[in-house]
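**Q** Submitted below is the structure of interest, expressed as structure tokens.
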Amino acid sequence: MRAQVARELGRNALVLGSVLGQGGMSIVYGIVPHDDNASPLALKIEKAHPDKTGTPELESIYHTVPGFSAITNHPHLGRYFHSYHIAAANDEKPPQLAHLLQKMPEGSKTLTQLIVERKKSNGRMTIRELVQALLHTAKGLAQLHQHNLAHRDVKPGNIMQVSMAEVEEGLFRWLLNDYDTVRKQGEVLEGNLVSGTIKYMSPEQFYNRSVEVQSDVYSLTKILYWCIEEYVAASDRTYEYFAGHILDEKKITTRRELAKIINPMLETDPGERPPIARVIEQFEALLKSDLQELNAPLLGL
Ligand SMILES: Nc1ncnc2c1ncn2[C@@H]1O[C@H](COP(=O)(O)OP(=O)(O)O)[C@@H](O)[C@H]1O
Ligand SMILES: [Mg+2]
């Protein structure tokens, strides 16, 4: 596989560097640059997943939307370049996928890492800072939605803060990453796998197989819900707890001004949620306001 990737990059060999991060389904390595001017690259290698064999899930967006790489060329999306099928060492195992990505600058962190670090150091992140991160994420989502693509796994582990080296007007730049679950609006998914993350999943994504961009508005807002309204103890973080949560149609009650803006984004009917362009406007207006509720610290994740 390395030889194949190296050839396509016009190099003799491909040297993988340190592990930059790991998700549930993959490991991301830095690629050691072959010269000082080379742009920093990373290779995401998907772990073999027996349940995925033969389902359309494997035929992900990387192969079905020509020009997907160009769509990710956006300040609030992680840049994706190309995917490779890696033949398995023996015939019984399914082939794996590897994705060539732009490497984030040293020191970039996920929103999950930042919220946890800040909580430990007693300088908890505020609601205002979280809304800033989600505003940038919403801009990345708007780019996907304009191309009729739904992300379907918007969560703190897939949102990254681009390192300090790139501070914009005194604020951080955040972006949305990880396109394994991206699908076309209206597509009907087959197979048994409900992909996404139950804690942030919209009711329609949980019950239906039809792809809906408005599911992303729900998941984005659900991040706010958990951070503002309800902290779930580690022992309660079960599939059943989160599935029950989807049934209960929970909304924000403790922050009354924020609830007015945020709760419509958590409507059970996707058609009643504001489209992403409206979410962006509302987050921008919030950040310009001096609403006291924005200064409260987050409960945690
Ligand atoms: N382009 C990148 N540059 C640096 N680190 C990355 C990059 N992409 C992902 N990572 C790190 O790897 C982790 C897993 O990546 P992700 O795409 O979310 O994989 P998964 O599909 O397994 O969730 C991320 O949380 C992040 O820490
Ligand atoms: Mg991920």
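Every read-out reported here was derived from the displayed coordinates using simple, explicitly stated rules and does not represent laboratory data. In this text, all values refer to a predicted model and were calculated from it rather than measured experimentally. Heads up, the Cβs are rebuilt from the backbone with ideal geometry, glycines too, and the neighbour counts pull from every protein chain shown.
**Q** Kindly provide the helix-only [θ] at 222 nm of the chain, computed as the sum of -39,500 (n - 2.57) over DSSP H runs of four or more divided by all residues, to the nearest 500 deg cm²/dmol? Each step should come with its number before you reach the end.
**A** Details: 10 runs with 95 residues, N = 301.
Rounded to the nearest 500, it is -9000 deg cm²/dmol.
**Q** Given 120/184; 47/103; 184/288; 103/139; 139/184, which pairs have Cα atoms separated by over 29 Å?
**A** On the way: 120/184 39 Å; 47/103 19 Å; 184/288 34 Å; 103/139 20 Å; 139/184 18 Å.
In this structure, 120/184; 184/288 lie more than 29 Å apart at Cα.
**Q** May I ask you to list the residues of the stretch 213-254 whose amide nitrogen lies under 18 Å from a point 7 Å from Cα along the Cα→beta-carbon direction of residue 120?
**A** It comes to 234, nothing else.
**Q** Given Cα pairs under 8 Å that are at least 6 residues apart, what percent is the relative contact order of the chain?
**A** Working: 493 pairs, mean separation 49.0, N = 301.
Over the chain, the number comes to 16 percent.
**Q** Within a Cβ distance under 12 Å of residue 219, other residues only, what is the Lys/Arg minus Asp/Glu net charge? Write out the running numbers ahead of the final one.
**A** Numbers: positive: 152, 155, 199, 222, 273; negative: 153, 204, 212, 216.
Taking every other residue near residue 219 into account, the sum is +1.
**Q** Put one equal scatterer on each alpha carbon of the stretch 109-295, apply the Debye formula with no solvent term, and list log10 I(q)/I(0) at q = 0.17 1/Å to two decimals.
**A** Evaluating at q = 0.17 Å⁻¹ gives log10 I(q)/I(0) of -1.18.
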